[in-house]
Amino acid sequence: MVISKWGKKLFVTSMSVALSLMAVTASADTGTAHIKIGSISGGASNITYWVDSSVASYGHNGAVSNAISKWDAASSGISFSSGNSSAANLKFYAGEYVLPAGVLGATGYFYTTGQQIGAGDVTNGQNYQIATVTLDAGWTSGLDQDQRFMNAGHEVGHVLGMNHFENSPAHSGEHWMKSGAFKMTSPSSIDLAHVRTKWGW
Ligand SMILES: [Zn+2]
Ligand SMILES: [Zn+2]
């Protein structure tokens, strides 16, 4: 009788250890290191995107489609619909060696007036109306398709309010939101935890 009582108690204790580990893994810190306070106006459930013909010309249309569909599926708080260039508040472009040396992709934040907003200002709470994502076919020419998928997913992650996961306190492992060119066609569980923290559950 005594032995079985101890056995039961030990089992319960190891269960609660496992549960707290799960809670740590699934949670995302909410500090500005990894999540921007500022947001795209209208919110993430109302993003209209438009893809410039340059994206298909440079062969990055599959990467953009994948980024949209994977982030759309990440949270009930995120929804993308396609629209024309004037209605869209997220616009995709590609070019060859249009970004600074070695930069694979870039996200820009703007008011409707065309005035650009610094990424740091968005991190600190400035909302913006238009985002642009530019993918560089020159600097990504040596990458394989999975790496191009990550590049587009990474930039859309910035639009959705994520910062870089190598920022302290850094997340180890490979993530769409960690700078680099990982062979990842989907966001990691840590990526998903952050975007859900930002936009809902
Ligand atoms: Zn984090
Ligand atoms: Zn980045």
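The values are calculated or read from the model by the stated rules, or taken from the named source; none is laboratory data. This one's a predicted model, so the numbers in the text were calculated from it and none came from an experiment. Heads up, the Cβs are rebuilt from the backbone with ideal geometry, glycines too, and the neighbour counts pull from every protein chain shown.
For the structure I just gave you, tell me whether MET177 is aliphatic (A, V, I, L, M) and over 20 Å from ILE37 (Cβ atoms). Spelling it out, it is not the case that MET177 is aliphatic (A, V, I, L, M) and over 20 Å from ILE37 (Cβ atoms).
Picking from residues in the range 13-40 that are at pLDDT below 95 and among the polar types (S, T, N, Q), the one that is farthest from the chain's Cα centre (by Cα) is THR13.
Of all residues in the range 145-201, which are among the aromatic types (Phe, Trp, Tyr), within 12 Å of ligand 1 (Cβ to nearest atom) and surrounded by fewer than 16 Cβ atoms within 10 Å (Cβ to Cβ)?
Result: no residue meets the conditions.
Whenever a residue of the range 30-47 is among the hydroxyl-bearing types (Ser, Thr, Tyr), its partners that are assigned to a helix (DSSP H, G or I) and within 16 Å of ligand 2 (Cβ to nearest atom), lying with C-beta atoms within less than 6 angstrom and at least six residues away or across chains, give the pairs THR32/THR123.
Scanning the range 162-189 for residues that are of a type in the set (Gly, Ala, Ser) and either within 11 Å of ligand 2 (Cβ to nearest atom) or not in a loop (DSSP other than H, G, I, E, B) (or both) returns SER179, GLY180, SER189. Evaluate the range 106-124: report whether one residue or more is in a loop (DSSP other than H, G, I, E, B), within 27 Å of SER79 (Cβ to Cβ) and under 14 Å from the mean Cα position of the chain (by Cα). Looking through the range 106-124, none of the residues is in a loop (DSSP other than H, G, I, E, B), within 27 Å of SER79 (Cβ to Cβ) and under 14 Å from the mean Cα position of the chain (by Cα). A Cβ distance below 8 Å, combined with a sequence gap of six or more or placement on separate chains, defines the contacts here; from the range 136-161, residues that are within 20 Å of PRO100 (Cβ to Cβ) and within 11 Å of ligand 2 (Cβ to nearest atom) reach no residue that is part of a helix (DSSP H, G or I) and hydroxyl-bearing (Ser, Thr, Tyr).
Annotation note: of TYR58, TYR97, the sole residue that is more than 16 Å from ligand 2 (Cβ to nearest atom), of a type outside the set (S, T, N, Q) and without any contact (Cβ under 8 Å) to a residue 60 or more places away in the chain is TYR97. Number of residues in the range 87-101 that are more than 18 Å from GLY157 (Cα to Cα) and either charged (D, E, K, R) or at pLDDT below 95 (or both) equals 2. Among all positions in the range 86-104, there is no residue which is among the small types (Gly, Ala, Ser) and under 15 Å from the mean Cα position of the chain (by Cα). Can ALA67 be described as within 12 Å of VAL133 (Cα to Cα) and in contact with a Gly (Cβ under 6 Å, 6 or more places away or on another chain)? Yes.
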